[in-house]
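Asker: The structure's right below; bear with me while I get my questions together.
We did not get these values from a lab; they are worked out from the coordinates using the rules stated. Quick caveat: nothing in here was measured; it's all calculated off a predicted structure. Positions of Cβ are backbone-derived with ideal geometry, glycine not excepted, and every protein chain shown enters the neighbour counts.
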Amino acid sequence: MVPEKIFIGILLVGIGLVFFFNNEQIAKGAYKFYQKLYTEKNLKVMFKACGVVLMVGGVVVALVKK
């Protein structure tokens, strides 16, 4: 595997984990900013989904051969 792809994959997985496990804290902070557009409950789900997408994307980037 290419070292650059492995690094990018690990970086995306790391960012995904931050979003996935810190979704409550992110949602509370973002809620104040998007108070009129989104509810706190929906933001928790959105950040959890974003974390999953980033983790899957990181794994795909790291493992797909060129």
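Asker: Tell me the angle of helix 23-33 to the major Cα principal axis of the chain, expressed in degrees between 0 and 90 and rounded to the nearest ten.
Answerer: So the helix axis and the longest Cα principal axis differ by about 50 degrees.
Asker: For helix 40-63, what angle does its Cα long axis make with the longest principal axis of the chain, in degrees from 0 to 90 and rounded to 10?
Answerer: The two axes meet at around 0 degrees.
Asker: Would you work out the relative contact order for region 3-63, in percent, from Cα pairs under 8 angstrom that are 6 or more residues apart?
Answerer: Numbers: 70 pairs, mean separation 36.0, N = 61.
With pairs under 8 Å counted, the relative contact order is 59 percent.
Asker: Ok, one more. So between Cys50 and Leu17, what do we pick up on full extension, going 0.36 nm a residue minus the alpha carbon distance? It would help to have the intermediate numbers written out before the result.
Answerer: Numbers: separation 33, 0.36 × 33 = 11.88 nm, distance 0.97 nm.
Taking 0.36 nm per residue and subtracting the Cα distance, the gain is 10.9 nm.
Asker: Something else: Could you state the angle between the C-alpha long axis of helix 3-21 and the longest principal axis of the C-alpha atoms of the chain, as a value from 0 to 90 degrees rounded to the nearest 10?
Answerer: That works out to roughly 20 degrees.
Asker: Scanning the chain for chymotrypsin sites (Phe, Trp or Tyr not before Pro) in DSSP loops with at most 16 other Cβ atoms within 10 Å, what's the longest stretch left with none?
Answerer: Values: sites that count: Tyr34, Tyr38.
In the chain, the maximal stretch lacking such sites is 1-33.
Asker: Now, a different point. How large is log10 I(q)/I(0) at q = 0.13, 0.26, 0.28, 0.29 Å⁻¹ when the Debye formula is applied to the Cα atoms of the chain, each weighted equally and without solvent?
Answerer: -0.41, -0.94, -1.02, -1.07
Asker: For n ≥ 4 DSSP H runs only, could you compute -39500 (n - 2.57) per run for the chain, divide by its residues and tell me the 222 nm figure to the nearest 500?
Answerer: Numbers: 3 runs with 54 residues, N = 66.
Here the helix-only value at 222 nm equals -27500 deg cm²/dmol.
Asker: Please sort by residue number the trypsin sites (Lys or Arg not before Pro) in region 1-65 whose DSSP state is loop and whose Cβ has at most 15 other Cβ atoms within 10 Å. Before the final figure, lay out each step's value.
Answerer: On the way: sites: Lys5, Lys28, Lys32, Lys36, Lys41, Lys44, Lys48, Lys65; in loops: Lys36, Lys65.
Answer by residue number: Lys36, Lys65.
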